[in-house]
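Below you'll find the structure, written out as structure tokens, and then a few comments.
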Amino acid sequence: MMQQHQPPPVPLQSQTAGTPAGVQVRCAGCGKILTLDAGVTEFACDACQLPQMLPPELMTRAQAYAQARAPPPLPPPPPHVAPHGVDPSKIQLPCANCKAILNVPHGLARFRCPQCQVDLAVDVSKLQQFFPPRLPLPPPPEEVNEVAIEVEREEDEGGMAGETFTDYRPPKLSIGPPHPDPVVETSSLAAVQPPEPTYDLKIKDDLENLKALSCLQIETLVYACQRHLQHLPSGERAGFFVGDGAGVGKGRTIAGLIWENWHRGMRKAVWVSVGSDLKFDARRDLDDVGATCIEVHALNKLPYSKLDSKSVGVKEGVVFLTYSSLIASSEKGRSRMGQLVQWCGPGFNGLVVFDECHKAKNLVPESGSQPTRTGEAVLEIQARLPEARVIYCSATGASEPRNLGYMVRLGLWGPGTSFSDFREFLGALEKGGVGALELVAMDMKARGMYVCRTLSYKGAEFEVVEAPLEAEMMDMYGKAAEFWTELRQDILTASEFLANEKPVSSQVWRLYWASHQRFFRHMCMSAKVPAAVRLAKQALMDGKCVVIGLQSTGEARTEEAVTKYGLELDDFISGPRELLLKFVEENYPLPEKPEPLEGEDSVKELQRKRHSATPGVSMKGRVRKVAKWKPASDDESDEESEADSAQESTESDDEFQICEICQSEEERKKLLHCSCCGQLVHAACLIPPVTDEVSADWSCHSCKEKTDEFLKRRQEYIAVLTKRYEEALARKLNILEIVRSLDLPNNPLDDIIDQLGGPDKVAEMTGRRGMLVRASGGKGVTYQARNTKEISMEMVNMHEKQLFMDGKKSVAIISEAGSAGVSLQADRRATNQRRRVHLTLELPWSADRAIQQFGRTHRSNQASAPEYRLIFTNLGGERRFASIVAKRLESLGALTQGDRRAGLSLSAYNYDSAYGKKALMLMYRGIMEQDSLPVVPLGCSSEKPETIQDFVEKAKAALVLVGIVRDAHGKDHGRLVGRIIESDMHDVGRFLNRILGVPPDIQNRLFECFVSILDHIVHNARIEGNLDSGIVDMKANVIELQGTPKTVYVDQMSGASTVLFTFTLDRGVTWESASAMLEEKQKDGLGSANDGFYESRREWLGRRHVILAFDSSTSGLYKIVRPAVGESVREMPLSELKSKYRKTSTLEKARRGWEDEYEVSSKQCMHGRNCKLGNFCTVGRRLQEVNVLGGLILPVWGTIEKALSKQQRQSHKRLRVMRIETTTDNRRIVGLSVPNAAVESVLQDFAWVQEIDD
């Protein structure tokens, strides 16, 4: 407490305060000095009976003293009773003046001490230090309402994913004929209206007469031209994004735009696409819209000089080029980019079309990699032509938010937006998850810069065909996996022998793992050939025709083999075999081959080399110099000694020529000179004496001996090295021999063509130049070019396509390289209108390409929709390729299609996600025995721990084989030891790639273990409300718009606005409806004995929850209907149903419970009256308010994120996209869900709020 006017302080205690006798204090009432036992803190004065406490400053000292003395344990004290006069409902504080303990009511800040009449004030900040810290009392045990938790989970998961597509008609334009095929748009995009069309088309009358464009293509023309009249805050002209799916007719739309701009006086246009042969399609599209007078110039056929010069003569028209031309340059350093910009000229305001613009992706790559040159070129040309009318055009344009990086003219980031640059925009999207991508698509449509329609896949059938490995293939695969392991061991062993060289470089291991991955992909593909051929033959028998899609043609392997073995071979090339041979031939580590010593010369050379290393010998005369000895004097300078030595060296060597044996200078001319050590001797002094003439390279006896000894050792050393080299070479040749003897499958492409009747029956549209064809006699195969004299290599795919479309060939095989932009649908204009059966032998590396491939056979103006067969093997790792596709499709569906559930549903195979990384880490920790596995692996039982141990050992051994577990050495107590490096712990891609090389049985068990851990993690995330599930559908029996929506933001450029809608929902089911449901089930005879009304086994706040359960279509699961919230999203297994609920004894009892809950839930949530969130809580509430922020979201993104971050419930902090449709007038709104508790703070953060008319 603080005193307001302080009198002089009273001394607190006597000097003996700390003595063992205890503490002396003055009574706050009568002032008597009292002596207290050590450790006593509360007492009453024996004179005036005033109950009081020790002053705070002595409190802690007394306690410390008491602890230090540590008296023997006392018997337990009687239960604590508050001292007389202490009111436990108030705070006890000492007066700052007289130290009396006062009972102060909570919240009272100023008062007068009743003892000394001094005015006092409570200093709240210091209250804490007046008391010894007391442990807070545990709160009374809260009753856990299990049913409420269950309902809360279901509500957090969101409603059912409804119909994802709705039929599309232009909402605000009615020019032109309907589209020839049903076209759909995702429901979330359909909930958004585009701006009012104000642009007037010049070519409107021409189009109405020609009927060349449908109403939705004309709609694109109007919005694109309207958008091109606007400028971004940066000053550049705004761009437009055509996101229509494959086959809707983007080519014709572009042609229409060029024709419209031509009539407006813009006679130059640039059209960038993926392949030069699409120039023919561009010409066809321009002719179709009546623009026959516009020339199309293929840039790759033109020189690098000025396009509008006299020699080239391109004054106007369309310049058609590919993305690779955009980054091309001539030998003289002239670039296509410069040539284009020069042709366009300053102030160019014509069209620049980026067709199939996903080719410019990876402008903002993931960490560690470089941006692609194409992406940078697309950015550069936009920067150099600020007034150009840019069109981005792609069915898969935004498969991942980072691939939007080059679409700078959309104005989603930069000056005048919520995001300063693209990185910030990307960060916000990645935090917002899949739902955020869907919002971006809606935003772009609302602002009039995006259209995205897809051909309806109604009528198209999907089927995932599992092609289990046949016994022979299983055996082949197992042997191959074994072989790769042995090869790895062999390379490791061989690299030990590399003398003094650095061990096998990381480059070799990179190549090893890359070849390993390619090899097993080939194996997976070959494993699917029998299934593909079977399905194809069946389709042909049913009167349909077949399109087979694959990625790699194996051309490189085939060409290498043809170069090696010649043009005629016994059988088709085996891709995997050639790949292995190439790897071993080029990368097997061999020690260097030793050079042998050759003949006399080398011996002389050796002697000379040996001797030149000996000191004291002059190389010139091979004569030993004898220095003049002279005692060194201290005062002699360095310079003098140097001068001396210089003088000495000029003297003649001849003076010192003496015989080394007799030391005489006689007959100097006859001295023999050893060519090795250089000593001089008389011939007669040698034993035996030399009498014959000696050659110039004579050497003395000791030199000869030394040289012979050296040569002998050298020979032995070379022999060892040669043996080592020969052994290594023999091992290498042996490995190559084993590879040749391995039973490996043929190249799938050649194999399929052969099994389906050869090149005469099969149209091939791939990028390869030649192929192997079975000889007419049936024996052997020959290599021949794919084109003939009449058809150039450039036109061969177009020719093959025509044969297929004319019905002359019934099977088409397409690879990614040969199929971009090709139309193979059952076109009403073509002769061959039989239904297409599209088999995917190999799913592409990225989903963009998967969509492109599916779009080859599913296009506008088709007589029938295709049937898709996605063929998978039962190898765990092979799903890797589908996992990448699924990841892309998940977000593709999100942006390209605006709604991720609209994508093809392969998401069951999406492993490369944050959850996948966590699952992998948990599995690795379990296998390395750092932790226990969170699930019981396939084929193991928790009752038998030895089965789990056995799995862990096998899994560890398998991971050692494929190099994930490193430094595995010996066994510790019979177990393998090793480590997994940090970067591998989260690398799902590497795990899925590497396990391909493990024998199939353990491969599948490893994979199943990984997937079950992943399911376990996702299930937990769902329970905790952290799972990102994209758009959530709100379902209720009655949904009504409450009051007038509030406009909270208006975009200046497009006039689009952000609006807050409030809906009231009644989710309840009356007793009558519930009874009718049950009766209907029983009447149809579809019910089971377990159907009926149940009550919870546990009571909560004196009541049991009642539910209706009946058998669902999924075996073993039951649909649950609750009085307050209707039908539950989640179905319940019978075991769970029986453990939590029991059947009600009578219908009457069920009715009473049902009606009671129905009534109570209209006013309060399931947590009861004392819920922490109060009225804001909606868990299990029958009548609830839902707030949705619709319209433009990007400009207000930051504001909403800030408001949500302050929410209490975890699931309320997440940005959730919600779709809701009123039951009265079927008005659909899609937007961000704003929890009731956050509405106020969201509104406060907006600059202005205004009521608008409904």
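The values are calculated or read from the model by the stated rules, or taken from the named source; none is laboratory data. Note that the structure is a prediction, hence the values are computed from the model and not measured. For neighbour counting, all protein chains shown are included, and Cβ atoms are generated from backbone atoms with ideal geometry for every residue, glycine included. Surface areas here come from the heavy atoms of the whole protein model, side chains and all, with no ligands, DNA or RNA. Shrake-Rupley method; radii C 1.70, N 1.55, O 1.52, S 1.80 Å.
Mind counting the residues in the stretch 1066-1086 that are assigned to a loop (DSSP other than H, G, I, E, B), open to solvent by less than 50 Å² (accessible area, probe 1.4 Å) and farther than 15 Å from residue 1147 by Cα?
Summing the residues that are assigned to a loop (DSSP other than H, G, I, E, B), open to solvent by less than 50 Å² (accessible area, probe 1.4 Å) and farther than 15 Å from residue 1147 by Cα in the stretch 1066-1086 gives 3.
Answer yes or no: is there a residue in the stretch 551-563 that is free of Cβ contacts under 8 Å to residues at least 24 places away in the same chain, closer than 22 Å to residue 778 by Cα and not small (Gly, Ala, Ser).
Within the stretch 551-563, none of the residues are free of Cβ contacts under 8 Å to residues at least 24 places away in the same chain, closer than 22 Å to residue 778 by Cα and not small (Gly, Ala, Ser).
Hey, could you check the stretch 769-819 for residues that are without any contact (Cβ under 8 Å) to a residue 40 or more places away in the chain and of a type in the set (Asp, Glu) and say which is nearest to residue 854 (Cα to Cα)?
For the stretch 769-819, the residue satisfying everything is 800.
Is it true that some residue in the stretch 553-564 is open to solvent by 10 Å² or more (accessible area, probe 1.4 Å), among the basic types (Lys, Arg), more than 35 Å from the chain's Cα centre (by Cα) and farther than 16 Å from residue 809 by Cα?
Yes, some residue in the stretch 553-564 is open to solvent by 10 Å² or more (accessible area, probe 1.4 Å), among the basic types (Lys, Arg), more than 35 Å from the chain's Cα centre (by Cα) and farther than 16 Å from residue 809 by Cα.
Within the stretch 1047-1058, work out how many residues are in a strand (DSSP E or B) and either modelled with pLDDT under 80 or surrounded by fewer than 19 Cβ atoms within 10 Å (Cβ to Cβ) (or both).
Selection size over the stretch 1047-1058: 3.
Please tell me if residue 195 is open to solvent by 40 Å² or more (accessible area, probe 1.4 Å), part of a loop (DSSP other than H, G, I, E, B), assigned by the TED database to the domain that holds residue 257 and not aromatic (Phe, Trp, Tyr).
Criteria not met by residue 195.
Can you tell me which condition residue 181 does not meet? The list is (1) at pLDDT 90 or above; (2) open to solvent by less than 30 Å² (accessible area, probe 1.4 Å); (3) of a type in the set (D, E, K, R), and all the others hold.
Single failed check for residue 181: (1).
Which of the residues belonging to the stretch 694-721 are surrounded by 14 or more Cβ atoms within 10 Å (Cβ to Cβ) and among the hydroxyl-bearing types (Ser, Thr, Tyr)?
Result: 699, 707.
Considering 779, 808, which residue is of a type in the set (D, E, K, R), surrounded by 13 or more Cβ atoms within 10 Å (Cβ to Cβ) and assigned to a loop (DSSP other than H, G, I, E, B)?
808
What tally of residues in the stretch 523-547 results from selecting those that are touching a helix residue (DSSP H, G or I) at 6+ places or on another chain (Cβ under 9 Å) and either without any contact (Cβ under 8 Å) to a residue 60 or more places away in the chain or within 18 Å of residue 773 (Cβ to Cβ) (or both)?
Residues meeting the conditions: 2.
Among the numbered criteria (1) assigned to a loop (DSSP other than H, G, I, E, B); (2) touching a helix residue (DSSP H, G or I) at 6+ places or on another chain (Cβ under 8 Å); (3) assigned by the TED database to the domain that holds residue 862, which single criterion is violated by residue 824?
The failed condition is (3).
Spot the failing condition for residue 1187; the list is (1) part of a loop (DSSP other than H, G, I, E, B); (2) touching a residue at least 60 places away in the same chain (Cβ under 8 Å), and only one is missed.
Among (1) part of a loop (DSSP other than H, G, I, E, B); (2) touching a residue at least 60 places away in the same chain (Cβ under 8 Å), residue 1187 violates only (1).
As an exercise: evaluate residue 1146 against (1) open to solvent by 40 Å² or more (accessible area, probe 1.4 Å); (2) assigned by the TED database to the domain that holds residue 1062 and give the number of the one condition it does not meet.
(2)
So that you can scan it fast, the table gives a plain yes or no per residue for (1) over 30 Å from residue 214 (Cα atoms); (2) of a type outside the set (Asp, Glu); (3) modelled with pLDDT of 75 or more:
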site: 83; (1), (2), (3): yes, yes, no
site: 98; (1), (2), (3): yes, yes, yes
site: 127; (1), (2), (3): yes, yes, no
site: 160; (1), (2), (3): yes, yes, no
site: 186; (1), (2), (3): no, yes, yes
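Any idea how many residues of the stretch 391-443 are part of a helix (DSSP H, G or I) and either at pLDDT 80 or above or of a type in the set (A, V, I, L, M) (or both)?
20
Tell me, yes or no, whether the stretch 496-515 has at least one residue that is closer than 30 Å to residue 755 by Cα, open to solvent by less than 30 Å² (accessible area, probe 1.4 Å), in contact (Cβ under 8 Å) with a residue 40 or more places away in the chain and in the same structural domain as residue 468 (by the TED database).
yes
Please go through the stretch 23-47 and pick out each residue that is at pLDDT below 80 and polar (S, T, N, Q).
41
With the structure loaded, tell me whether residue 463 is over 16 Å from residue 576 (Cβ atoms), modelled with pLDDT under 80 and exposed (fewer than 13 other Cβ atoms within 10 Å of the Cβ) or whether it fails that test.
yes
How many of the residues making up the stretch 532-552 are open to solvent by less than 10 Å² (accessible area, probe 1.4 Å) and either of a type in the set (Gly, Ala, Ser) or more than 36 Å from the chain's Cα centre (by Cα) (or both)?
5
Would you be able to tell me the number of residues in the stretch 238-263 that are in contact with an Asp or Glu (Cβ under 6 Å, 6 or more places away or on another chain) and assigned to a loop (DSSP other than H, G, I, E, B)?
0
Looking at the stretch 565-597, which of its residues are touching a Gly at 6+ places or on another chain (Cβ under 7 Å) and surrounded by fewer than 23 Cβ atoms within 10 Å (Cβ to Cβ)?
568, 569, 570
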